[in-house]
1. Could you point to the residue in ILE40, TYR50, VAL198 farthest towards the positive end of region 9-209's charge dipole, with +1 and -1 charges on the Cβ of Lys/Arg and Asp/Glu respectively?
2. For region 112-193, go through all pairs of different Cα atoms, get the mean of 1/r, take its inverse, and jot down that Kirkwood value in Å.
3. Which pairs in the list LYS84/LYS211; LYS138/LYS211; LYS59/LYS91; LYS59/LYS151 are over 20 Å apart, alpha-carbon to alpha-carbon?
4. At what distance in angstrom do the alpha carbon centres of region 47-88 and region 122-142 lie from each other?
5. With a 10 Å radius around each residue's Cβ, average the other Cβ atoms per peptide and rank 154-165, 87-98, highest first.
6. Show me 51-57, 72-78, 141-147 ranked by packing, highest mean number of other Cβ atoms within 10 Å first.
7. Pull up the DSSP beta bridges for the chain and report the antiparallel fraction as a percent, rounded to 5.
8. Would you look at the GNM of the chain, springs on alpha carbons closer than 10 Å, and say which of THR18, THR184, THR196 moves the most?
Amino acid sequence: MADLEITHPQIYAYLETTLAEEDPILREMGEYGRAQGFPIIGAQAGRMLYFLARAIQAKNVLELGSGFGYSAMWFALAVGLGGKVVMTEGKQSNVDRARDYFARAGLLDRVEFNVGDALTSAGRYRGPFDLVFCDIDKHEYPQALGVAREKLRVGGILIFDNMLWYGRILNQDDAATRAILQTTRELMHTDDFFTTLVPLRDGLSVSLRIK
């Protein structure tokens, strides 16, 4: 079965136009990602990340999987002066590109770069973080949830991307899909998070740490 459109194409086009990147560096990053077919979260989800970070006045953000820094740029704009976004990325070339974007945006002081496995890199930080965002290989999502539990403060927010997985959650049985479903079940049935699913782009799970 082909991948499903989560949002009607005409509505999606409207959202893409209405919720476009306003910041010039973000716009450049978005254009690069789309031109290269790089799986960025896009402005629809990016605005949600910014909104949530600002809503809880987040100052310390941990990203599990950062690519060339598109989502981290949204967070860096949200955390303000004195805030910090810890980025984790496996490819040096992506980190180098991210560093250039942040330098030109004047926001290098708001980010910290880590090259290597995201979960290993996260283990070097004690936290607590105000917000954790996860967009690593999907088969690692259950392990990422365990890492987030160790690092996130009560009252903080945990966000997973691709939680609708292009509709594959309905009909596919592969490692990535099983991991997403397992993570969703655990988030929905645990007593330390309150979770909802937001069908923006490919779906975000948004979880409030309540205990």
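1. TYR50
2. Values: mean 1/r = 0.0743 Å⁻¹.
That comes to 13.5 Å for region 112-193.
3. Among LYS84/LYS211; LYS138/LYS211; LYS59/LYS91; LYS59/LYS151, the Cα-Cα distance tops 20 Å for LYS84/LYS211; LYS138/LYS211; LYS59/LYS91.
4. 13 Å
5. Details: 154-165: 21.4, 87-98: 18.4.
The peptides rank, most packed first, as 154-165, 87-98.
6. 72-78, 141-147, 51-57
7. Working: 11 of 28 bridges.
Counting DSSP beta bridges with both partners in the chain, the antiparallel share is about 40 percent.
8. THR18
Read-outs throughout are calculated quantities, based only on the coordinates presented, and are distinct from any laboratory measurement. All values reported here derive from a predicted model rather than from experimental measurement. Here Cβ is always computed from backbone atoms with ideal geometry, including for glycine, and neighbour counts include all displayed protein chains.
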